[in-house]
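Notes follow once the structure below has been shown.
The values are calculated or read from the model by the stated rules, or taken from the named source; none is laboratory data. Keep in mind it's a predicted model, so treat the numbers as computed, not measured. Cβ coordinates were reconstructed from backbone atoms using ideal geometry, including for glycine residues, and neighbour counts include every protein chain displayed. Quick note on the areas: whole protein, heavy atoms, side chains included, nothing else; ligands and nucleic acids left out. Shrake-Rupley method; radii C 1.70, N 1.55, O 1.52, S 1.80 Å.
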Amino acid sequence: MSTNPPRACVIGWPVKHSRSPLIHTYWLQQLGIEGSYGRAEVAPADFQNFVSHLAEKGYRGGNVTLPHKEMAYRLATRRTERADSLQAVNTLWIEGGELWGDNTDIIGFLGGLDAEVQGWEKTGDKAVVLGAGGAARAIVQALLLRNIKNILIFNRTLERAEELARLFGSGVTARPWQQLGESLAGVDLLVNTTSLGMAGQPPLDIDLSALPSYAVVDDIVYVPLETPLLAQAHRRGLRTVGGLSMLLHQAVPGFEHWFGQRPEVTPELLALIEADVTSTPK
Ligand code: ATR
């Protein structure tokens, strides 16, 4: 067993805008752990080689971001049930000579929602999810775990929404994007998982006026911190959750695997990352 300080990294392509090093370095300092967390910019063609030599490079594991999550799932020799259900891995660690893969998007999403809007699931069981990619899949799964029984998926490409709905079966329904506005009456929770509203992307152009006053609006986009969707929800006085919460909560399990202590998402950490997003809005 090596006595070198533990190391981990975020593996992506590109990876320079990742906030993960800031998050994990904050926790290392807070907990007084000698260790490090860096960035590894790895092209798709080199990913397999990089991951198979993680230990030789001195890493205990790492986070995996775009475009490597499906490949990481295939390369992991052991996977959590959550990773299996999503067929994508965002957290890798070496344990007992095996390369373990987990997907922490489900607990990240729920951790953020629980922290920002206590008792949100008591409001009701009707949710609308916008988008049908990997993030939407994790979020639908998360909502089903919390007994949200009536989930409508709206997506620009209806077929992808239908595919997702088929995967989950009863209780999850695909709807054409054009019907979105009229479908918001009686909805308890609206979640945006698309890239719309992100800096450099078109805004998410929907009218929230049909949402009830008790509804919660959650946007997983965190650059800018207040997306046009969240700004509209704030103007209506609705309860909201920004994407930074999910980002911070999904980072917790990886840190615990690599560095041996469970870190906490504190207001100080949130403020640190908010300041970074505000000063470098990319
Ligand atoms: P992720 O895995 O992060 O969820 P993804 O699989 O690329 O990423 O999914 C992005 C989502 O944003 C998709 O639902 C996409 O809609 P399509 O399935 O029709 O591509 C949605 N999206 C991206 N740009 C969009 C736009 N300009 N208008 C509407 N939806 C958009």
| remark: Within the stretch 72-110, the residues that are part of a helix (DSSP H, G or I) and open to solvent by less than 60 Å² (accessible area, probe 1.4 Å) are Ala72, Tyr73, Leu75, Ala83, Ser85, Leu86, Asp105, Ile106, Gly108, Phe109, Leu110
| Is the stretch 148-167 home to any residue that is open to solvent by 30 Å² or more (accessible area, probe 1.4 Å) and among the small types (Gly, Ala, Ser)? | no
| note | Of the residues in the stretch 3-19, those that are open to solvent by 10 Å² or more (accessible area, probe 1.4 Å), outside any strand (DSSP E or B) and in contact with a strand residue (DSSP E or B) (Cβ under 8 Å, 6 or more places away or on another chain) come to Pro5, Pro6, Trp13, Pro14, Lys16, Ser18
| said: For the stretch 24-44, which positions are within 13 Å of Thr65 (Cβ to Cβ) and surrounded by 17 or more Cβ atoms within 10 Å (Cβ to Cβ)? | reply: Arg39, Ala40, Val42
| field | Candidate set: the stretch 133-166, residues that are touching a residue at least 40 places away in the same chain (Cβ under 8 Å) and outside any helix (DSSP H, G or I); chosen: the one farthest from the ligand (Cβ to nearest atom) | value | Ile148
| From the options His249, His234, residue that is at pLDDT 95 or above and open to solvent by 70 Å² or more (accessible area, probe 1.4 Å) | His234
| Hey, does the stretch 50-71 have a residue that's out of contact with any helix residue (DSSP H, G or I) (no Cβ under 9 Å at 6 or more places or on another chain), surrounded by 17 or more Cβ atoms within 10 Å (Cβ to Cβ) and not acidic (Asp, Glu)? | yes
| remark: Residue pairs within 7 Å by beta carbon, gap of at least six or interchain, first lying in the stretch 66-91 and over 21 Å from Trp258 (Cβ atoms) and of a type in the set (D, E, K, R), second open to solvent by 70 Å² or more (accessible area, probe 1.4 Å) and within 14 Å of the ligand (Cβ to nearest atom), listed first then second, are Glu70/Gln87
| task | Only one of these is at pLDDT below 95 and either open to solvent by 30 Å² or more (accessible area, probe 1.4 Å) or assigned to a strand (DSSP E or B) (or both): Gly200, Gly124, Gly186. Name it. | result | Gly200
| query | Considering only residues of the stretch 173-182 that are touching a strand residue (DSSP E or B) at 6+ places or on another chain (Cβ under 6 Å) and within 15 Å of the ligand (Cβ to nearest atom), which is farthest from Leu204 (Cα to Cα)? | reply | Ala174
